[in-house]
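The values are calculated or read from the model by the stated rules, or taken from the named source; none is laboratory data. Here the structure is a predicted model, which is why all the values come from computation and not from measurement. Here Cβ is always computed from backbone atoms with ideal geometry, including for glycine, and neighbour counts include all displayed protein chains.
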Amino acid sequence: MTSETINAAASGTWKLGDLEINRMGFGAMRLPQNGEAFRTDAEPSDRGRAIGVLRRAVELGVNHIDTAAFYFSPLRSANELINRALAPYPDDLVITTKVGPGRDPSGEWAPHATPEQLRGQVEENLRQLGRDHLDVVNLRVVGTGSIAERFGALARLREAGLIRHLGISNVTPGHLAEARAIAPVVCVQNPYGLGVRPEQDELLRTCGELGIAFVPFYSIAGAGGQAGVTGAEREEVLAVARAHGASAAQVRIAWTLHRGPHVLSIPGTGNPDHLAANVAAGALRLSETELSLLERLHGTAR
């Protein structure tokens, strides 16, 4: 399939609260560095190329960008690249960010911010992005414990006008129920993809029933996670790709979007050619036969 002129609008639209976006978005995690994300010895990305990728994404109709203040490497910060590339921001651009974990300048992680620290993280995102409010803030969760105190702190920041909408990331169904008892939740962002975490299917369906966006991450990388794609591709995926003149990565993105109208896609890249191919995957329509084939793979590739 050709990709250079396909617009993100081909993926369809969804509303995060009152914010309408194209379902094909962009994840900024890989922008600050070359190679595996979050490595303290990572080579910084080329600044001009990263800025060009962001601007090209918007030209291709992407109006949903996922980021976080902890997306940085030596010399580069995803938020500041977004600010440099896109401010003043288009009226329809929705920027989603995450808080909860923190990283110090050396790259060391602190997995749990206190409720008091969450305000500082929100303010840091505001500063880096040059915004007076954040469109959507996800509470990134580590572990299975209660999130009530921390999500409640974000709900208060929402009431104060610093945040427009709230979401949660890396969570269980119990976390979703706990959060919804405190404030509206517009999105759930979890690791998920073809053959990756099939146990998430039930939560995905629950989100659809509740009108909540389900936003998979690592949907291309799969088990490789932040390291990217590892290992050989499955023959079933390659067969579908050949039938459409597409890549395996495009098939994986398209399969994810076929899971429901509330499912969004946020693949990330620092490569302009990969960007165009990812966006084009939003126009890829899989047949029922192909979906059945991939569904069997999804259920068995544990």
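Taking the stated definitions as given, is L54 of a type outside the set (F, W, Y) and either over 30 Å from P111 (Cβ atoms) or surrounded by fewer than 21 Cβ atoms within 10 Å (Cβ to Cβ) (or both)? No: the conditions fail for L54. One residue stands out in the range 179-209 among those that are more than 11 Å from the chain's Cα centre (by Cα), closer than 23 Å to E295 by Cβ and of a type in the set (A, V, I, L, M, F, W, C): the one that is modelled with the lowest pLDDT, namely V196. Within the range 99-134, being under 12 Å from F70 (Cα atoms) and of a type in the set (G, A, S) holds for G100, G102, S106, G107, A110.
I need the full set of residues from the range 162-197 which are among the basic types (K, R) and over 24 Å from I253 (Cβ atoms), in order please. Before the answer, list the steps.
Keep residues of the range 162-197 that are among the basic types (K, R), which gives 164, 180, 197.
Once the filter is applied, which keeps residues that are among the basic types (K, R) and over 24 Å from I253 (Cβ atoms), the range 162-197 yields R164, R180.
Please state which one of R252, R242 is in a helix (DSSP H, G or I), modelled with pLDDT of 95 or more, basic (K, R) and farther than 28 Å from K15 by Cβ.
R242
The residues listed here are D66, D104, D41; of these, the one that is surrounded by fewer than 23 Cβ atoms within 10 Å (Cβ to Cβ), within 25 Å of V141 (Cβ to Cβ) and of a type in the set (D, E) is D104.
Annotation note: Cβ proximity below 9 Å between a residue of the range 227-254 that is on the phi < 0 side of the Ramachandran plot and among the hydroxyl-bearing types (S, T, Y) and a residue that is modelled with pLDDT under 95 and outside any loop (DSSP other than H, G, I, E, B) (sequence gap 6+ or interchain) occurs for T230/G222; T230/A223; T230/G224.
Regarding A223, is this residue at pLDDT below 95, part of a loop (DSSP other than H, G, I, E, B) and among the small types (G, A, S)? Here the answer is no, as A223 does not meet what is asked. The set of residues from the range 5-54 being among the basic types (K, R) and either touching a helix residue (DSSP H, G or I) at 6+ places or on another chain (Cβ under 8 Å) or part of a strand (DSSP E or B) (or both) comprises K15, R23, R47, R49.
Looking only at the range 137-149, decide whether some residue is under 14 Å from the mean Cα position of the chain (by Cα), without any contact (Cβ under 8 Å) to a residue 60 or more places away in the chain and within 22 Å of N22 (Cα to Cα). Yes, that holds for at least one residue.
Of the residues making up the range 184-204, not a single one is out of contact with any Pro (no Cβ under 8 Å at 6 or more places or on another chain), among the aromatic types (F, W, Y) and surrounded by 14 or more Cβ atoms within 10 Å (Cβ to Cβ).
Starting from residues that are in contact (Cβ under 8 Å) with a residue 60 or more places away in the chain and over 15 Å from G27 (Cα atoms), keep the ones in the range 257-267 and report whichever is surrounded by the fewest Cβ atoms within 10 Å (Cβ to Cβ). Taking the candidates together, the pick is P261. Of all the residues in the range 115-163, those that are surrounded by 16 or more Cβ atoms within 10 Å (Cβ to Cβ) and in a loop (DSSP other than H, G, I, E, B) number 4.
Screening F38 against (1) touching a Gly at 6+ places or on another chain (Cβ under 8 Å); (2) of a type in the set (A, V, I, L, M, F, W, C); (3) within 18 Å of I163 (Cβ to Cβ) leaves a single unmet condition, (3).
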